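What follows is a set of notes on a single structure, which appears directly below.
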Amino acid sequence: MALSTSALAPHAATDAHAHARRGISNPILGMILFIASEVMFFAGLFAAYFNVRFTAAHWPPLVNEAPFEPFQIRNEMVLAAILTAVLVLSSVTMQMAVWAIRRGDRTAFLRNTGVTLVLGLAFLTGQVYDYLHLGFGITDTAFGSTFYTLTGFHGAHVLGGTIMLSVVLYRGLAGQFSARHHDAVEATSLYWHFVDVVWIVLFSSLYLL
């Protein structure tokens, strides 16, 4: 009986470990909860934007009872569309990095993570360039305030994402991730996809509607 019990112990331990691996890890669960709070945060910002927009007599607001040319941000549609494409592409490369580390391909993981980081920095550079050429500031009527609040907070989140990507890339270069241990990569990818989705909604609201 003792022999049979000892023979079953390793099998039971393996089953318990496999069962534990099927659950959500703490880093991923923490990121999901954080993203949930960020969804509510951005929902509040978008609610404020649409409330101001739909209660205004004219949108964008008139300045000195006439349309204000710098408010015609649809003239900046090309740059905004390029930035959108850059961010969407970065989300694709981020997911490719996740798939690569899941199968243990560290080379493809590092390459795609690096490309994602570069695309994120390119987006931030393009946003700063756009800010410098828009011709209006955050204090220029409700339009300026809501525009810079929405895009500014999103830009801050992209910056936070690039910092996370930098840490993931550094740890990846140090060999800290494998096919079995890459929860930080998964969590970072969830955040990056969230940032991408927010920008798509933001771009549609500010530039297309």
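The values are calculated or read from the model by the stated rules, or taken from the named source; none is laboratory data. A quick note: this is a predicted structure, and the numbers were derived from the prediction, not measured. Methodologically, a virtual Cβ is constructed for each residue, glycine included, from the backbone with ideal geometry; neighbour enumeration extends over all protein chains shown. Note: areas computed on protein heavy atoms with side chains; ligands, DNA, RNA excluded. Shrake-Rupley method; radii C 1.70, N 1.55, O 1.52, S 1.80 Å.
Taken together, the residues in region 119-142 that are at positive phi and modelled with pLDDT of 95 or more amount to 0.
Here Trp99 clears all of (1) aromatic (Phe, Trp, Tyr); (2) without any contact (Cβ under 8 Å) to a residue 24 or more places away in the chain; (3) over 17 Å from Ile28 (Cβ atoms) except the condition numbered (3). One residue stands out in region 133-152 among those that are open to solvent by 40 Å² or more (accessible area, probe 1.4 Å) and of a type in the set (Ser, Thr, Tyr): the one that is nearest to the chain's Cα centre (by Cα), namely Thr149.
With respect to Val86, determine if the residue is within 16 Å of the chain's Cα centre (by Cα) and among the hydrophobic types (A, V, I, L, M, F, W, C). Step through it out loud before you land on a result.
Working: within 16 Å of the chain's Cα centre (by Cα): yes; among the hydrophobic types (A, V, I, L, M, F, W, C): yes.
So Val86 passes the test.
Between Thr93, Thr116, Thr84, Thr107, the distinction of being of a type outside the set (Phe, Trp, Tyr) and either open to solvent by 70 Å² or more (accessible area, probe 1.4 Å) or modelled with pLDDT under 95 (or both) belongs to Thr107 only.
Considering every residue within region 26-38, establish whether at least one is assigned to a loop (DSSP other than H, G, I, E, B), touching a residue at least 40 places away in the same chain (Cβ under 8 Å) and not charged (D, E, K, R).
Looking only at region 26-38, we keep the residues that are assigned to a loop (DSSP other than H, G, I, E, B), and these are none.
No, the conditions are met nowhere in region 26-38.
Selection of region 68-82 for residues being of a type in the set (S, T, N, Q) and closer than 16 Å to Leu132 by Cβ yields only Asn75.
Which one is modelled with the highest pLDDT, of the residues in region 167-205 that are more than 18 Å from the chain's Cα centre (by Cα) and among the aromatic types (Phe, Trp, Tyr)?
First, pick out the residues of region 167-205 that are more than 18 Å from the chain's Cα centre (by Cα): 170-182.
From what's left, among the aromatic types (Phe, Trp, Tyr): 170, 177.
Details: Tyr170: 97, Phe177: 94.
My answer is Tyr170.
Scanning region 94-130 for residues that are touching a Leu at 6+ places or on another chain (Cβ under 7 Å) and under 17 Å from Val195 (Cα atoms) gives Thr113, Thr116, Leu117, Leu119, Gly120, Phe123, Leu124, Gly126, Gln127.
Go through region 177-197 and give me each residue that's aliphatic (A, V, I, L, M), assigned to a helix (DSSP H, G or I), open to solvent by less than 50 Å² (accessible area, probe 1.4 Å) and out of contact with any His (no Cβ under 6 Å at 6 or more places or on another chain). Even if it seems obvious, please write down each step before you answer.
Step one: of region 177-197, the residues aliphatic (A, V, I, L, M) are 179, 184-185, 187, 190, 195, 197.
Filter once more, so that each one left must be assigned to a helix (DSSP H, G or I): 184-185, 187, 190, 195, 197.
Restricting the remaining residues to those that are open to solvent by less than 50 Å² (accessible area, probe 1.4 Å) gives 184-185, 187, 195.
Within region 177-197, Ala184, Val185, Ala187 qualify.
The single condition among (1) closer than 17 Å to Val92 by Cα; (2) open to solvent by 30 Å² or more (accessible area, probe 1.4 Å); (3) of a type in the set (Phe, Trp, Tyr) that Tyr129 does not satisfy is (1). Scanning region 39-61 for residues that are touching a residue at least 40 places away in the same chain (Cβ under 8 Å) and assigned to a loop (DSSP other than H, G, I, E, B) yields Ala56, Trp59, Pro60, Pro61.
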